[in-house]
Amino acid sequence: MQSESNKAVIQLIVAGNYVVEKMNSFFKIYDLTIQQFNILRILRGQDGLPINLNTLQSHMIHKMSNTTRLVDKLRKKGLVQRKECQENRRKIEIFITDKGLGLLAGIDHSLIKYEQKLTANYNKEELSLLTSLLEKIKQ
């Protein structure tokens with residue numbers, strides 16, 4: 001016999017996997033993964049200031065991501081730059097490029113529409129409740 005807790009956890013996992021699959025499909029159009037998009041989103045939020053790998057990793061949604069490998073893939077696509085820190089040569093600073101900013105600007109509107117499509121079965125109040133319930137599980 002399943003407990004309500006067990007049912008809830010299973011539904012969270014099923015729903016989470018569903019959303020991840022859908023988001024993977026969306027980002028595939030832009031030759032990105034969810035993790036790569038997350039890095040670009042974090043870097044855009046830096047407003048041109050550099051960020052090091054450790055700080056970038058701490059801001060990631062997927063904490064187990066190989067940030068170094070992801071940054072290297074984005075660098076090869078010309079979306080980010082890596083530079084040695086002037087004060088500490090062992091420290092690498094990461095910046096988003098104009099090409100990366102342009103890609104994000106091109107994604108923004110489509111992403112909003114896609115997220116609205118994914119959540120179309122909810123009204124505004126239900127979305128607000130869902131968000132607060134999901135935040136509550138992390139407490």
If Lys117 meets every condition in (1) in a strand (DSSP E or B); (2) farther than 29 Å from Ile51 by Cα apart from one, which number is that one?
(1)
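A quick yes/no check of all residues on (1) touching a strand residue (DSSP E or B) at 6+ places or on another chain (Cβ under 9 Å); (2) of a type in the set (Gly, Ala, Ser); (3) modelled with pLDDT under 90:
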residue	(1), (2), (3)
Val9	no, no, no
Leu12	no, no, no
Gly16	no, yes, no
Met60	no, no, yes
Glu84	yes, no, yes
Arg89	no, no, yes
Matching residues, the range 60-78, being without any contact (Cβ under 8 Å) to a residue 40 or more places away in the chain, in a loop (DSSP other than H, G, I, E, B) and either surrounded by 15 or more Cβ atoms within 10 Å (Cβ to Cβ) or of a type outside the set (S, T, N, Q) (or both):
Met60, Ile61, His62, Lys63, Met64, Ser65, Gly78
Residue that is farthest from Leu101 (Cα to Cα), among those in the range 35-69 that are over 12 Å from the mean Cα position of the chain (by Cα) and hydrophobic (A, V, I, L, M, F, W, C):
Met64
Would you say Val19 is without any contact (Cβ under 8 Å) to a residue 60 or more places away in the chain and either within 16 Å of Leu111 (Cα to Cα) or not in a loop (DSSP other than H, G, I, E, B) (or both)?
no
When (1) part of a helix (DSSP H, G or I); (2) more than 28 Å from Ile29 (Cα to Cα) are applied to Thr131, the one that fails is (2)
Is it true that Glu21 is more than 26 Å from Asn54 (Cα to Cα), of a type in the set (Asp, Glu) and over 15 Å from the mean Cα position of the chain (by Cα)?
no
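The values are calculated or read from the model by the stated rules, or taken from the named source; none is laboratory data. Because the structure is a prediction, the values reported are computed rather than measured. Neighbour counts are summed over all protein chains in view; Cβ atoms, including those assigned to glycine, are modelled from backbone coordinates with ideal geometry.
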